[in-house]
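Asker: Sending over a structure as structure tokens; questions will come in a sec.
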Amino acid sequence: MWRWDAIKSKNALMGKLLKIKKKQPDTLPPYDLNDHGSLVEFEVPDGATEIERYWVDEPFAFVSIFDDSKMLHYYMVEPSLAAYEKAVLDRMYGDLQSILASSYSVSETDMDAVLTRETLALLKYYHVELTIASVHKILYYLRRNFRGYERLNPVLMDPYIEDISCDGIDVPVFLYHRTHRNIRTNIVFGELDLNSFVIKLCQKSGKQISIGEPMVDATMPDGSRIQATLGKEVTTRGSSFTIRKFRGDPITPIDLIDFGTCSVGMMAYFWLVIEGGKSIIFAGGTASGKTAILNAVSLFIPPLTKVISIEDTRELTLHHDNWIAGITRKSFTVSGAGEVTMYDLLRSALRQRPEYILVGEVRGSEALTLFQAMSTGHTTYSTMHAGDVPTVVNRLEHDPINVPHAMMQSLDIICIQAQTYVNEKRARRTQTIVEIAGLDPKTGNIRVNELYRWEPTADMFKRTCESSVLNGIIKTRGWTPDKLFGELANRVTILEHMRQKGMGDYVIVSLVVQAYATNPELVMSAVETDRLQELISENK
């Protein structure tokens, strides 16, 4: 009987709301600081020094970073609610769940407008008197909770955050900030809230997590990577999650030059060897920038060529029309049926006649297939965990990868990335670029040619020898040494010009590469006359 009463009550509510909306359209005056006052207030604690303050969702949420002499704190400030406002929000949250679930489908285009309309209708139905500022605050929390990621939503909007880590129940969330590095926040989850939030995170990412399957790796709707656990069975401090944020604007070669990760000459080298179809492995430790540099140099891939990328979770972003982005899939059953591995995707990719294959990270049997693809003329790029060149070779030649020694000759270049310290600040640097120069006929060992080396004391890159890979490009393309040096000089000039003009957007970089491949004389003329930005804007 109670269920039938609930249905009647819900239908009555829907009917009254419909009459209210028909009678008078619902509009909310825009927020104005002078008229409505500030929505957020925060005072730095006594004895602490505020280092930085910036908006992440103006005028609703800002970040205050302060030092209390013990450590840095990342304090997320959101609107505070009076007891009456909180009571209205709690009631409205339950009613809106029913209304939105029964009245609107996922095809609704402007959900913010829908949420505003339904909220104002409910406020009229409740006959509550609220100021415009109060309505804006309530709407902020409704949008944050319905459409966003609740308490974590403003953190995910912070462009300076790279990683978000929740380690357990009643433990502060920690962040990796681009400027302030590892930093502690004022966000803490209780047990029930944390379990519910982890389940919601996974559901928004298209995955299910449960006590039976308490670990999930997934890709969030914005492209961020998430690893989550539920309960205390596998993480004794309670549910946990780690989010590696996806950059909406991927790192480009210009960014890496600005960061000091590579020199302009090294990027010009990558541009030329990638255009020449040479295969590369980018290796390094965790968070050393392997995927970042792979994504950046992939913008040098010539236009119109067919590209296939293969990853566990989506990280690569190319501005390339002829590109298939493949992602692995776990099985939906206990038996393992329906699983799609990197090996499956790579084997399928080879039947599609790709010219360039990008593999997110090689760990097992797919690496042997990747080297077989290299041996048959496919250009491949990948990453792997290894701190130096001997470790790369050792991992490739032994279990579980087992690439035959002779097949190592198919690889052209190994690039080692490292996370290190420069002037007491953490930084990412390309430690070395090594070319594979074949096998020694006497010893059978792999011969390597170290082309670039990072000098940590001076924080500069030193070219150590002549490039055997570039000499190979001279032969295959029928160039003279002067032609090669001219091409390298052109690319250095273009990249340096783009760096000085702030042309670091990945779309712009890709368009410049495409324009140079089509008409190098026009691009060089535009650089000389300072019209490159204008030329690219005309051809977007």
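The values are calculated or read from the model by the stated rules, or taken from the named source; none is laboratory data. Every value quoted in this text rests on a predicted model; they were computed, and no experiment measured them. Please note: Cβ atoms are built from the backbone with ideal geometry, for glycine as well, and neighbour counts cover all protein chains shown. Side chains included, ligands, DNA and RNA excluded: accessible areas come from the protein's heavy atoms. Shrake-Rupley method; radii C 1.70, N 1.55, O 1.52, S 1.80 Å.
Asker: Which value in Å does the Kirkwood hydrodynamic radius of segment 43-147 take, with 1/r averaged over all unlike C-alpha pairs and then inverted? Walk me through the numbers on the way to the answer.
Answerer: Values: mean 1/r = 0.0630 Å⁻¹.
After inverting the mean inverse Cα-Cα distance, the result is 15.9 Å.
Asker: Another question about this same structure. With θ set to phi - 60° and the Karplus curve 6.51 cos²θ - 1.76 cosθ + 1.60, what are the ³J(HN,Hα) couplings of segment 321-328 in order, to the nearest whole Hz, using x for Gly and Pro?
Answerer: 5, 8, 9, 10, 9, x, 10, 5
Asker: How long are the semi-axes of the ellipsoid equivalent to segment 365-505, from square roots of 5 times the Cα gyration tensor eigenvalues, in whole Å, largest first? Intermediate results must be reported in sequence, preceding the final value.
Answerer: Working: eigenvalues 157, 101, 48 Å².
For segment 365-505, the semi-axes come out at 28, 22, 16 Å.
Asker: Would you kindly derive the ³J(HN,Hα) couplings of segment 35-50 from the backbone phi angles with the Karplus curve 6.51 cos²θ - 1.76 cosθ + 1.60 (θ = phi - 60°), listing them in order in whole Hz, with x for Gly and Pro?
Answerer: Taking θ as phi minus 60°, the curve returns 7, 10, x, 6, 8, 10, 9, 7, 10, 5, x, 4, x, 9, 10, 6 Hz for segment 35-50.
Asker: Normalized C-alpha radius of gyration of segment 182-309, against 2.2 N^0.38 Å?
Answerer: Working: Rg = 19.4 Å, N = 128, 2.2 N^0.38 = 13.9 Å.
Normalised Cα radius of gyration, segment 182-309: 1.40.
Asker: Is it possible to state the helix-based mean residue ellipticity at 222 nm for the chain, with each DSSP H run of 4+ residues giving -39500 (n - 2.57), the sum divided by total residues, to the nearest 500 deg cm²/dmol? What is it?
Answerer: Values: 18 runs with 212 residues, N = 540.
After summing the helix terms and dividing by the residues of the chain, the value is -12000 deg cm²/dmol.
Asker: Could you please state how large a percent of the accessible area of segment 197-335 is carbon and sulfur, counting protein chains only and using a 1.4 Å probe? Before the final figure, lay out each step's value.
Answerer: On the way: 2900 of 5390 Å².
Reported share for carbon and sulfur atoms: 54 percent.
Asker: Which helices, taking whole DSSP H runs in the chain, have alpha carbons extending 15 angstrom or more along the helix axis plus mean Kyte-Doolittle at least -1.0? Before the final figure, lay out each step's value.
Answerer: Details: long enough: 2-23 (32 Å, -0.72); 83-103 (30 Å, -0.02); 111-126 (22 Å, 0.34); 132-146 (21 Å, 0.16); 191-204 (20 Å, 0.20); 264-275 (17 Å, 1.58); 365-375 (16 Å, 0.60); 481-500 (28 Å, -0.49); 506-518 (18 Å, 1.62).
Helices meeting the span and hydropathy rule in the chain are 2-23, 83-103, 111-126, 132-146, 191-204, 264-275, 365-375, 481-500, 506-518.
Asker: Shifting gears a bit: Can you give me the accessible area per residue for the chain, using a 1.4 Å probe, in Å²?
Answerer: On the way: 26610 Å² over 540 residues.
Result: 49 Å² per residue.
Asker: Here's a follow-up. Nearest 20 debye, what's the magnitude of the dipole of segment 342-462 about its Cα centre given +1 on Lys and Arg Cβ and -1 on Asp and Glu Cβ? Before the final figure, lay out each step's value.
Answerer: Details: 13 positive and 14 negative charges, 30 e Å.
Computed about the Cα centre, the dipole is about 140 debye.
Asker: Ok, one more. Please give the direction-averaged projected area of the C-alpha convex hull for segment 443-540, in square nanometres with one decimal. Please list the in-between numbers first.
Answerer: Numbers: hull surface 37.6 nm².
Over every viewing direction, the Cα hull of segment 443-540 projects on average to 9.4 nm².
Asker: May I ask you to evaluate 6.51 cos²θ - 1.76 cosθ + 1.60, the Karplus curve with θ = phi - 60°, for each residue of segment 437-446 and list the ³J(HN,Hα) values in order in whole Hz, giving x for glycine and proline?
Answerer: Karplus-based 3J(HN,Hα) across segment 437-446 equals 9, x, 9, 6, x, 8, 9, x, 6, 6 Hz.
Asker: Determine the dipole magnitude for the chain: charges of +1 sit on the beta-carbon of Lys and Arg, -1 on that of Asp and Glu, nothing else is charged, the reference point is the Cα centre, and the result goes in debye to the nearest 20.
Answerer: On the way: 59 positive and 67 negative charges, 291 e Å.
Here the chain has a charge dipole of around 1400 debye.
Asker: Counting DSSP beta bridges in the chain, what percent are antiparallel, to the nearest 5? Intermediate values should be presented prior to the final figure.
Answerer: Numbers: 56 of 81 bridges.
Roughly 70 percent of the beta bridges in the chain run antiparallel, per DSSP.
Asker: Rank His127, His497 by accessible area, highest first, at a 1.4 Å probe radius? Mind showing how you got there, number by number?
Answerer: On the way: His127 160, His497 20 Å².
Largest accessible area first, the residues go His127, His497.
Asker: Further, regarding this structure: Rg to Rh ratio, segment 341-425, alpha-carbon atoms and Kirkwood radius?
Answerer: Details: Rg = 14.2 Å, Rh = 13.8 Å.
Across segment 341-425, the Cα-based Rg/Rh ratio is 1.03.
Asker: Of the listed peptides 482-489, 129-136, what is their order by residue-averaged count of other C-beta atoms within 10 Å, with the highest listed first? Could you put the intermediate results ahead of the total?
Answerer: Working: 482-489: 13.8, 129-136: 16.1.
Peptide ranking by packing, descending: 129-136, 482-489.
Asker: Please report the carbon-and-sulfur percent of the accessible area for segment 375-432; probe 1.4 Å, protein heavy atoms only, DNA, RNA and ligands left out.
Answerer: 49
Asker: Send over the Kirkwood Rh of the chain, from the inverse of the averaged 1/r over different Cα pairs, rounded to one decimal Å.
Answerer: Numbers: mean 1/r = 0.0372 Å⁻¹.
About 26.9 Å, per the Kirkwood formula over Cα pairs.
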